[in-house]
Amino acid sequence: MQLADPAAIVLGPASTATYRRYHRDPDPAIGGTTRLPNLPPTSAGCLVRAHFRTYPTLRSIQATEYGELTLLQGNRHITLVPGTAIHPRRLTARQADDLLLIAQVGRRAHITVLPGRGPVIDAGLNRIPPAAAERLICQGWVATTGGEGALVSLAGTVALAWRACRDQRVPAGGWAAQIAEVVFDGFAHDVTA
């Protein structure tokens, strides 16, 4: 499969509230005052996958313990900063469980609209009910692609890593490295998908 072009990605109707979640810092090559547009959840993930196609090592990404990611490209960098609406602390235990179900089935997870009930996310043998599915999409934890596909977004991946560090009592100094490693594992190996 080819990686979808970020410009060609269509967000599902339930995900329209997620378009201002991650933003890029000013590109040093353009100038320090230029602001680049905010990124939808799917586009943020595509940007990270595209980065790993060109710079395929763990050293090409840095993270902070708060979920900010920096993609290193030689002497340039792109920083992705989560908006306050998707701060990792906002991910509930139930949402984390649902995201893990989606992550386990990968690209086989899909959205089905039940008449009179709304969208559900089918993740293998599991089904995430309409209210929970809509919250995952609207909060930006799940990225929808054109059609019926559903993936754990970059924000969802970072939030799961943050939650795992907290639950496993990883020392505070190790959180950034753990988050960077989880993002690398989740996106660098998926560059051709």
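Restricting region 41-61 to residues that are surrounded by 14 or more Cβ atoms within 10 Å (Cβ to Cβ) and of a type in the set (Ser, Thr, Tyr), which is farthest from residue 167 (Cα to Cα)?
Of everything passing the filter in region 41-61, 55 is farthest from residue 167 (Cα to Cα).
Quick check on residue 173: is it loosely packed, with under 13 Cβ neighbours inside 10 Å and part of a loop (DSSP other than H, G, I, E, B)?
Answer is no for this residue.
Kindly list, by first and then second residue, each pair from a residue in region 102-126 that is closer than 9 Å to residue 150 by Cβ and modelled with pLDDT of 90 or more to a residue that is of a type in the set (Gly, Ala, Ser) and assigned to a strand (DSSP E or B), limited to pairs with Cβ atoms under 7 Å and residues at least 6 apart or on different chains.
102/123; 102/150; 109/123; 109/150; 110/149; 110/150; 111/150; 121/150
Scan region 62-92 residue by residue and report those that are assigned to a helix (DSSP H, G or I) and either surrounded by fewer than 18 Cβ atoms within 10 Å (Cβ to Cβ) or polar (S, T, N, Q) (or both).
Result: 84, 85, 89, 90.
Tell me the residue from 120, 152 that is surrounded by 14 or more Cβ atoms within 10 Å (Cβ to Cβ) and either over 17 Å from the mean Cα position of the chain (by Cα) or of a type in the set (Ser, Thr, Tyr) (or both), please.
On the way: 152 fails: either over 17 Å from the mean Cα position of the chain (by Cα) or of a type in the set (Ser, Thr, Tyr) (or both).
One residue alone meets the criteria, 120.
Is it fair to say residue 95 is loosely packed, with under 14 Cβ neighbours inside 10 Å, at pLDDT 85 or above and closer than 20 Å to residue 132 by Cβ? Walk me through it before giving the result.
Working: loosely packed, with under 14 Cβ neighbours inside 10 Å: no; at pLDDT 85 or above: yes; closer than 20 Å to residue 132 by Cβ: yes.
So residue 95 fails the test.
Only residues that are among the charged types (D, E, K, R) and modelled with pLDDT of 90 or more: list them for region 168-193, please.
Within region 168-193, 169, 181, 185 qualify.
The values are calculated or read from the model by the stated rules, or taken from the named source; none is laboratory data. Note that the coordinates shown come from a computational prediction; the quantities given were computed from them, not determined experimentally. Heads up, the Cβs are rebuilt from the backbone with ideal geometry, glycines too, and the neighbour counts pull from every protein chain shown.
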